[in-house]
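Accompanying notes for the structure given below.
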Amino acid sequence: MRNVSNGRIARLSRPLVMHSRILVIVAALILPFTFLTPLWHMQFVAQQYPEGLDLYIYSHALIGGDEGNDLTEINILNHYIGMRELLQENFNEMKWIPLIVGVITILTLRAGIIGTLGSVLDVVMFSVYFGIFSLWSFWRKLYLYGHELDPTAAVKVDPFTPPVFGHKMVGQFQVWSYPAIGTWLFFIFGLMLIAGMYFTWKKKPASG
């Protein structure tokens with residue numbers, strides 16, 4: 001058992017093979033594009049809005065569809081049910097998410113250029129923790145927005161949590177929520193790191 005454990009530790013200290021380095025470096029170069037594309041897309045559909053109101057959530061901004069007009073309309077509707085206005089400055093996540101993505105990009109480039117199998121594994125684990133925490137933070141923000149309703153609002157609705165993923169009826173609105181391009185880029189990033197680890201892991205050590 002000890003020999004098996006020592007063998008795995010030794011593998012983690014291996015320098016990356018060329019195929020792995022290329023994959024890891026390309027993965028790192030993908031991450032900056034997540035700043036240019038939305039991470040999540042929410043759409044609100046009702047009889048009076050048959051084409052839907054779109055909300056795009058970026059790592060650093062909230063942007064409504066129809067050149068931003070949809071966000072204004074969503075906030076007007078939220079006001080009627082006593083929900084707080086969706087303002088970018090209320091989302092602290094948009095202050096630290098770009099910073100963390102930048103750190104992950106630098107660590108990934110470092111792993112691809114001079115790193116080992118273990119250093120790539122560290123990036124993978126850190127990215128997984130970051131992704132889980134970000135989803136939890138997103139859910140918590142939606143929960144607070146849907147439960148901290150103004151009791152004096154013109155329209156009374158029961159407290160609710162907008163969907164993080166999938167579909168939910170909220171009053172007269174059908175709300176759809178699902179990952180956008182930026183999140184899929186993160187998935188591609190993770191798959192490329194795992195593939196890079198695989199090529200180095202499967203390579204037999206050179207005989208002495």
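Observations, loosely collected:
- Calculated FRET efficiency for the pair Lys95/Thr72, C-beta based, R₀ 25 Å, to 0.05: 0.60
- Computed E for Leu87/Met169 - FRET, C-beta separation, R0 45 angstrom, nearest 0.05: 0.95
- Once percent of Cα pairs over 27 Å apart is calculated for the structure shown, the corresponding label among (i) 44; (ii) 30; (iii) 35 turns out to be (i).
- Simple rule: put +1 on each Lys or Arg Cβ and -1 on each Asp or Glu Cβ in the chain, find the dipole, and look at Gly196, Met169, Thr183; the Cα lying farthest toward the positive end is Gly196.
- Taken about its Cα centre, the chain carries a charge dipole of roughly 1880 debye when the Cβ of each Lys and Arg holds +1 and the Cβ of each Asp and Glu holds -1.
- Dipole magnitude for region 138-208: about 560 debye, using +1 per Lys or Arg Cβ and -1 per Asp or Glu Cβ, origin at the Cα centre.
- Spatial separation of Cα centroids for region 21-46 and region 74-121, in angstrom: 11
- In order through region 18-34: 3J(HN,Hα) via Karplus (6.51 cos²θ - 1.76 cosθ + 1.60), integer Hz, x for Gly, Pro: 4, 4, 5, 4, 4, 4, 5, 5, 4, 4, 5, 6, 6, 4, x, 6, 5
- FRET E, pair Leu191, Ala154, Förster distance 45 Å, beta-carbon r, rounded to 0.05: 0.40
- The listed peptides 48-58, 102-112, ordered by packing as a protection proxy, come out as 102-112, 48-58 (highest mean of other Cβ atoms within 10 Å first).
- In order through region 135-149: 3J(HN,Hα) via Karplus (6.51 cos²θ - 1.76 cosθ + 1.60), integer Hz, x for Gly, Pro: 5, 4, 5, 4, 4, 4, 5, 5, 4, 5, 5, x, 10, 8, 8
- On full extension, the segment bounded by Ser13 and Tyr129 gains 39.5 nm, given 0.36 nm per residue less the C-alpha separation.
Every number here is computed from the coordinates shown, using simple stated rules; none is lab data. Keep in mind the model is a prediction, meaning the values are calculated, not measured. Here Cβ is always computed from backbone atoms with ideal geometry, including for glycine, and neighbour counts include all displayed protein chains.
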